[in-house]
Amino acid sequence: MLYFIFLPITFALLVLFLLLTFVEAKSGMRMFSGTRDKFDARIGRASFVLRHVDWGAFVNDVTRTFFERALHDIAHGTLMVVRFVERVLTRIVRSLRMRRERILPQASFEPKTSRISETMTYLKSTLRRTRRAPKNLPGQGAQEVQDVVEL
């Protein structure tokens, strides 16, 4: 059915070409000469390119570029899926941990302390102990200090 459309168009263009050639030959002048000269120059450049291009290298380059892009897109899509699954699993684990913490008694959980907070606690307690210990005052002997400490 489609060829019924293209066939009359092709015949009409052929008839118009023959009519244009006949009119130009009879009158001795070219119609649409500026436009036709530009069109002829473009066709000349295109035919030059078609004759001088290394088609094997061109097809190889286009194919390589296509496959590189396709592999990049596949890798990117896979990474997006993995990150999505990671986020979903992280949310699930977080909700399960929160549920477990609500079910188990709170007394069984000891708060985790970092090394810095443990060190600070140790330093504070050491500082408190040294403030409470008596100091050697001038005129007191070591025995008197020992007696005070024993009290």
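The values are calculated or read from the model by the stated rules, or taken from the named source; none is laboratory data. This one's a predicted model, so the numbers in the text were calculated from it and none came from an experiment. The protein model used for the area step is the full one, side chains on, heavy atoms only, and it has no ligands, DNA or RNA in it. Shrake-Rupley method; radii C 1.70, N 1.55, O 1.52, S 1.80 Å.
Here are the numbers for the structure shown:
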quantity	calculated
Filter result for Lys124 (open to solvent by 100 Å² or more (accessible area, probe 1.4 Å) and assigned to a helix (DSSP H, G or I))	yes
Filtered residues of region 41-58 (kept if part of a helix (DSSP H, G or I) and open to solvent by 80 Å² or more (accessible area, probe 1.4 Å))	Arg42, Ile43, Arg45, Phe48, Leu50, Arg51, His52, Trp55, Phe58
Residue among Arg87, Arg100 that is at pLDDT 85 or above, open to solvent by 70 Å² or more (accessible area, probe 1.4 Å), charged (D, E, K, R) and part of a helix (DSSP H, G or I)	Arg87
